[in-house]
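Inspection log for the structure reproduced underneath, given as structure tokens.
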Amino acid sequence: MKTLLIACGLGLALAAGAQAQAWPNKPVTLVVPFPPGGSTDMIARTLGAKLQEKLGATFVVDNKPGAGGTLGAAAARRAAPDGYTLLVSSLGPFVIGPHLIKTPGYDPLKDFDYVTVAVQTPNVLAVPANSPYKSVADVLAFLKAHPGKMSFASAGNGTSDHLTAELFWQQTGTSATHVPYKGGALVINDLIGGQVDATFMNINTGLPNFKAGKLKPLAITSTQRSPLLPDVPTLEELGIKGVVVNAWQAVAAPKGLPADVKARLHGALVAALNDAQVKPRLQELGFEIVANTPEQFTAFQAAEFLRWKKVIETGKITAD
């Protein structure tokens, strides 16, 4: 009987190992909760191509936009936790949207297995090239002398650029007028045209217009200066603390992902992000490779969730 039980145990272990090795043996869906063409979509397609190359199966991007990304995140949460549906998203659905929408359809602290933060990008405080504000000191002087008079554009309520501005105002004891748009492209056009005074934007979004001289970067929200904008100081350098902000894109799965599948997926993602063809290209676009562990991502997500909850509640921010 003892011999039989040992044999059965070994058989089950071998079967489990074979099952894990078999993943992926059919197409894997990468749910992107935003429209095609944006940063998250680009990261998903870049990773999908490399995962397909490294793991052999087909990886298909499925764009499910709506409700600030929470629609697609909720759809991913409902999928089977077998490794064949993954969520590739920016920080919004993970740490912002659930504070703005009463019933997002998922609990970000309980409903996902966090695999890795793929990349991050700092934000840049930007103004039109011909703006009278030549420095952050100029911006702060005006904000303090004329509360609520300067206009800050964003891609929409609750977006990373909006919340970065809110955090900036909270940390400096100032206020301004928030002008939400329906997308980042409209913000750039009106900022270049001088219809709005300032914005916080992802460095990768702003780079082409910084280089073309159409927009002026005043400060960056990273801990160190970016090699892409070496002359632009950090807010911390300028004495403004607590406004270190990075937008980020990450990979998660419905809760219950088998440990062996998670390990294989994580290894393939790290290899893809550090691939000699991928890493330099992403860095040129302004993305910093993170590729952290599932444990690090889980702790980071929980901390970010609480951080943005406080900003949203203090600023009385709503989704409308």
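The values are calculated or read from the model by the stated rules, or taken from the named source; none is laboratory data. Predicted model, so just to flag it, every value in this text is computed and none were measured. Neighbour counts run over all protein chains shown; Cβ positions are idealised from the backbone, glycine included. Accessible surface areas use protein heavy atoms only, side chains included; no ligands, DNA or RNA. Shrake-Rupley method; radii C 1.70, N 1.55, O 1.52, S 1.80 Å.
Structure values in brief
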| item | result |
| --- | --- |
| Qualifying residue in segment 143-151 (condition: under 19 Å from T205 (Cβ atoms) and under 29 Å from the mean Cα position of the chain (by Cα)) | yes |
| Given (1) within 16 Å of the chain's Cα centre (by Cα); (2) crowded, with 18+ Cβ neighbours inside 10 Å, index of the condition E166 fails | (1) |
| Hey, F200 buried (at least 24 other Cβ atoms within 10 Å of the Cβ), closer than 26 Å to F94 by Cα and either more than 19 Å from the chain's Cα centre (by Cα) or without any contact (Cβ under 8 Å) to a residue 40 or more places away in the chain (or both) or not | no |
| Matching residues, segment 14-32, being at pLDDT below 95 and either in contact with a strand residue (DSSP E or B) (Cβ under 9 Å, 6 or more places away or on another chain) or polar (S, T, N, Q) (or both) | Q19, Q21 |
| Set K102, K110: member being modelled with pLDDT under 95 and among the basic types (K, R) | K102 |
| Residue in segment 239-254 that is farther than 25 Å from A126 by Cα, open to solvent by less than 60 Å² (accessible area, probe 1.4 Å), out of contact with any strand residue (DSSP E or B) (no Cβ under 6 Å at 6 or more places or on another chain) and part of a loop (DSSP other than H, G, I, E, B) present | no |
| Answer residue from segment 28-41, given it is over 20 Å from H266 (Cβ atoms) and over 12 Å from the mean Cα position of the chain (by Cα) and is most open to solvent (accessible area, probe 1.4 Å) among those | P36 |
| Among the residues listed as A250, A291, A302, the single one being under 16 Å from the mean Cα position of the chain (by Cα), at positive phi and in contact (Cβ under 8 Å) with a residue 12 or more places away in the chain | A291 |
| Within segment 38-85, tally of residues that are assigned to a helix (DSSP H, G or I) and more than 30 Å from L163 (Cα to Cα) | 7 |
| Unique match (being farther than 20 Å from T234 by Cα, touching a Leu at 6+ places or on another chain (Cβ under 9 Å) and surrounded by 22 or more Cβ atoms within 10 Å (Cβ to Cβ)) among A153, A126 | A153 |
| Hits in segment 52-82 (condition: open to solvent by 70 Å² or more (accessible area, probe 1.4 Å), under 21 Å from L265 (Cα atoms) and touching a helix residue (DSSP H, G or I) at 6+ places or on another chain (Cβ under 6 Å)) | K54 |
| Subset of segment 131-174 [acidic (D, E) and touching a helix residue (DSSP H, G or I) at 6+ places or on another chain (Cβ under 9 Å)] | D161, E166 |
